[in-house]
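Novice: If you scroll down you'll find the structure; I have some questions about it.
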Amino acid sequence: MSGHNPYQQRPNSYGAPQHNPYGNAPGVQPGYPQQYGQPMYPQQAYVKPHRAGTVKLMAWIGIFMWILALIALIFANQDLGEMRRGAMDASGYAETEGAKKVAIGVLIFHACMIPLVMIFYFWLAFSSSSFRRL
């Protein structure tokens, strides 16, 4: 009985081969399909690495410098498009999408702060004692 594999596919009572999940697939030899040091699944094509961490960092620093939030938003839109097309590594898709939302929130924050700061400066200027003397 040497060489007999009890887990190989055997025909059932009707003559059709019965699927056995523990048997070898047809044409596949047992053992490792790759040589030592070779990747198991060869990469199909080169894709650019994602830069989600950089985009997220720029979005958060954008709280202090609004131009970085704008740049992060532009980069995030470009990267998400490339990830959808398959030209960029898609493992950072969720992180890039989150960075895009942070950048939008930071830009909205800055857009709301500009009128408030202007109102504060006008109030400060017109309520000062030097203005009342005129």
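Novice: How do Val117, Val106 rank when sorted from fewest to most other Cβ atoms within 10 Å of their own Cβ?
Specialist: Val117, Val106
Novice: Same structure again: 5 Å is the cut-off here: which amide hydrogens, built 1.01 Å from N in the peptide plane, fall below it relative to Met88, excluding neighbours closer than 5 in sequence?
Specialist: Under 5 Å from the amide H of Met88: Lys48, Met83.
Novice: So what is the orientation-averaged projected area of segment 52-128, using the convex hull of its C-alpha atoms, in nm²?
Specialist: So the Cα hull casts an average projection of 5.0 nm².
Novice: Right, here's the next one. Rounded to the nearest 0.05, what FRET efficiency do Ala87 and Phe64 give with R0 = 22 Å and r taken as the Cβ-Cβ distance? Could you check?
Specialist: Calculated value: 0.10.
Coordinate-derived values only; no laboratory data. All figures in this text were calculated on a predicted structure; none of them were measured in a lab. Note that we place each Cβ from the backbone using ideal geometry, even for glycine, and neighbour counts take in every protein chain shown.
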